[in-house]
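Let me begin by presenting the structure, written as structure tokens, before commenting on it.
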Amino acid sequence: MKNLFLLFLTAISYQSSFSQVKNNINVIIPNCGIESQWTSIKNNISEEYKAIYQVKDYHEWDNFIIENFNPKKSTIPKFLIKGLNTNSLSSTTGKWVNRMFFPGETMLLTIYNQEDKNDHSSFYIYASGTVVKKKNNKFPFIEKIENYELKVTNTTSNMSQTIMNIKNIPSWSAGGYEGGLFIYWIGDLNGDNKIDMLIGYSNHYAATETLLFLSNKNGKKLFNKYSVGGCSLD
């Protein structure tokens, strides 16, 4: 089996409504190509990383815990992060999505204040685009997705922001798509009671760039965007 691990990508082409922020944030997603090698890899992970574990299957104010990474722990974290101050959080609200988000899909997430779970805000995620069918009606049946857009709205303030526009997502001959947009996790990572999003973007089935859309604290927009790693076939 080809080795899978974290690589930064080059020649990524997509459109976004905001510029990327320079940062020292790194993310490791064991599910993103390295889970089968976790036993050997985990002992080489820096102690700087925080590990995010899902402790409840249902959505609640403390369904994820955040703690210092311990390679001796048998449970595999959903993801690990370093370079982001999460010291004020020991638990948080989140949802492990871990799949491509298609045109016409919607998702609502409520973010709870960790000091007062009766205080919360809701965020609406939705995708649009045109699914183009193959004219010959043969497998894989879908030609491409055109004009894909992923958008998020704060239902309290009605502030919205387009996360990403992708003009063309072609289908793959073996089924599925030659790239696209993959939502890994949504929740509150920095303790400001607003949504953060961990997303994978790809323009090729064998490589993905990991992007962190972190809530913006100045109130002028919902997110700042950070490139935080990736996974690919070597």
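The values are calculated or read from the model by the stated rules, or taken from the named source; none is laboratory data. The model shown is predicted, which means the values in this text are computed figures rather than measured ones. Note: ideal-geometry Cβ built from the backbone for every residue, glycine included; neighbour counts use all protein chains shown. The area values use the complete protein model at the heavy-atom level, side chains included, leaving out ligands, DNA and RNA. Shrake-Rupley method; radii C 1.70, N 1.55, O 1.52, S 1.80 Å.
If you go through the range 166-202 and keep only what is farther than 25 Å from residue 112 by Cβ and out of contact with any Pro (no Cβ under 9 Å at 6 or more places or on another chain), you end up with 166, 167, 168, 169, 170, 180, 181, 182, 200, 201, 202. Residues in the range 58-66 include at least one that is part of a loop (DSSP other than H, G, I, E, B), among the polar types (S, T, N, Q) and closer than 24 Å to residue 116 by Cβ.
Looking only at the range 181-218, residues that are free of Cβ contacts under 8 Å to residues at least 60 places away in the same chain and over 21 Å from residue 105 (Cα atoms) come to 8 in all. Specify the residue that is nearest to the chain's Cα centre (by Cα); the eligible residues are those in the range 42-72 that are of a type outside the set (S, T, N, Q) and open to solvent by less than 30 Å² (accessible area, probe 1.4 Å). Residue satisfying both the conditions and the ranking: 52. Only residues that are within 13 Å of the chain's Cα centre (by Cα) and not in a loop (DSSP other than H, G, I, E, B) were counted across the range 158-190, and they come to 10. Applying the condition of being over 19 Å from residue 208 (Cβ atoms) and without any contact (Cβ under 8 Å) to a residue 60 or more places away in the chain to the range 150-172 and asking which residue is least open to solvent (accessible area, probe 1.4 Å) yields 153.
Quick check: anything in the range 73-94 open to solvent by 40 Å² or more (accessible area, probe 1.4 Å), farther than 30 Å from residue 144 by Cβ and in a strand (DSSP E or B)? For the range 73-94, residues open to solvent by 40 Å² or more (accessible area, probe 1.4 Å), farther than 30 Å from residue 144 by Cβ and in a strand (DSSP E or B): present.
Pairing residues of the range 59-71 that are in contact (Cβ under 8 Å) with a residue 12 or more places away in the chain with residues that are open to solvent by 40 Å² or more (accessible area, probe 1.4 Å) and of a type in the set (Val, Ile, Thr), at Cβ distances under 7 Å and at least 6 apart in sequence or on separate chains, gives 63/55; 64/55; 65/55. Considering the range 191-234, the residues that are assigned to a loop (DSSP other than H, G, I, E, B), modelled with pLDDT under 85 and of a type in the set (Gly, Ala, Ser) include one that is most open to solvent (accessible area, probe 1.4 Å), namely 219.
Residues that are more than 19 Å from residue 211 (Cβ to Cβ) and in contact (Cβ under 8 Å) with a residue 60 or more places away in the chain were ranked within the range 95-121; the one that is most open to solvent (accessible area, probe 1.4 Å) is 120. Screening residue 139 with (1) outside any strand (DSSP E or B); (2) among the aromatic types (Phe, Trp, Tyr); (3) closer than 20 Å to residue 82 by Cβ gives one miss only, at (3).
Annotation note: of 173, 202, the sole residue that is of a type in the set (Ser, Thr, Tyr) and touching a strand residue (DSSP E or B) at 6+ places or on another chain (Cβ under 8 Å) is 202.
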